[in-house]
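Trainee: Quick one: this structure, given as structure tokens, is what I'll be asking you about.
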Amino acid sequence: MHRFFVPPDNIIGRQLILTGEQAHQVAQVLRMRPGDEVVALDNAGWEYGVRLTAVSRQQVTGDILQKRTAVGEPSVHMTLYMALLKREKFEWVLQKGTEVGVNCFVPVITRRTLGQNVDIKAGKLARWHKIIAEAAEQSGRGRVPKLHAPVRLADAFRQLQADVAIIPWEAETAVTLRAALAGRAAQTIALFIGPEGGFVPEEIEMARQHGAFAVTLGKRILRAETAAIATAVLLEYEHGQMGNGE
Ligand code: SAM
């Protein structure tokens, strides 16, 4: 069943009203008709079963049949501090990270990121938000992951507040992900992934000074985008969030 994140103002009493691009998508793209049912989510933790009553390109209305807690959210909150990558790679991480359960994306400028400017054009940010929202709808998330403005790595460490912070580093040979998590009932996780060129040793030292664990992901060198998703999945799995315990 199709799922849409809708502005809470579009839920009026027992009625849902869609306008603009969402009405166009329902009427023209999905070619839905009165009587069809959809799931609307308010991004505040609720989802609504809705039966459409009127469908046009300008406006779609529906009767709310049920209100229930939105499902699809992991019990652990993960913030992915992702070094800026080439556009298609970075956008791939936003999409796949949303599917596997990342709650918040923070683009990070590091010593070796190709771009060194924290100011991202509004059009690019809007595209990133759209990629995340569409991936959240497709994957059945209960909330749309947040996307923060880009920060420099030092500032990311300064604002760090997670129960456990993980920074995979290909030069680390001893500390495993499981060892870093051992005995910690982490509710919030911060994950730092470097750029195509990797972190410089000084950045790893800074991470450790802020309590982060440098860990190995094994003997093979993963591309940055691979490392991001692989580590996010491993962390979700270690917290029983990949069909293995929630
Ligand atoms: N320096 C790497 C090289 O020699 O090609 C490039 C860095 S790698 C493409 C990008 C990021 O993925 C790294 O900063 C690290 O966060 C992570 N990474 C990739 N492979 C890893 C591994 N085997 N162990 C730990 N981290 C890894």
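The values are calculated or read from the model by the stated rules, or taken from the named source; none is laboratory data. Everything quoted here is computed from the prediction, not taken from an experiment. A quick note on method: Cβ atoms are made from the backbone with ideal geometry, for glycine too, and the neighbour counts reach across all protein chains shown. For the accessible areas, the whole protein counts, side chains as well, though only heavy atoms, and no ligand, DNA or RNA atoms are used. Shrake-Rupley method; radii C 1.70, N 1.55, O 1.52, S 1.80 Å.
Trainee: Each label point is 7 Å from the Cα along the Cα-to-Cβ direction; what then is the distance between the points at residue 114 and residue 173, in nm?
Mentor: 3.2 nm
Trainee: Another question about this same structure. Could you name the lysines in cross-link range of residue 130, using Cα to Cα under 23 Å and dropping any fewer than eight places away on the same chain?
Mentor: Cα-Cα hits under 23 Å: 86, 89, 96, 121, 146.
Trainee: As I understand it, the value is the acute angle between the Cα axis of helix 122-139 and the longest principal axis of the Cα atoms of the chain; what does it come to in degrees, rounded to 10?
Mentor: 70 degrees
Trainee: Among 38, 217, 230, which residue has its Cα furthest toward the positive end of the charge dipole of the chain, with +1 on Lys/Arg Cβ and -1 on Asp/Glu Cβ?
Mentor: Checking the options against the dipole of the chain, the answer is 38.
Trainee: If packing is taken as the average count of other Cβ atoms within 10 Å, what order do 46-58, 177-189 fall into, highest mean first?
Mentor: 46-58, 177-189
Trainee: I need the calculated FRET efficiency for the pair residue 134 and residue 154, taking r as the beta carbon distance and R₀ as 35 Å, to the nearest 0.05.
Mentor: Efficiency computed from Cβ-Cβ geometry: 0.60.
Trainee: Next up: Rounding to the nearest 10 and keeping the result within 0 to 90°, find how far the Cα-based axis of helix 224-238 lies from the longest principal axis of the chain.
Mentor: Its long axis makes an angle of about 80 degrees.
Trainee: State to the nearest 20 debye the size of the charge dipole of the chain about its Cα centre, where the only charges are +1 on K and R beta carbons and -1 on D and E beta carbons.
Mentor: Once rounded to the nearest 20, the dipole reads 400 debye.
Trainee: If ligands, DNA and RNA are left out, what is the accessible area of residue 89 with a 1.4 Å probe, given in Å² to the nearest 10?
Mentor: About 40 Å², ignoring ligands and nucleic acids.
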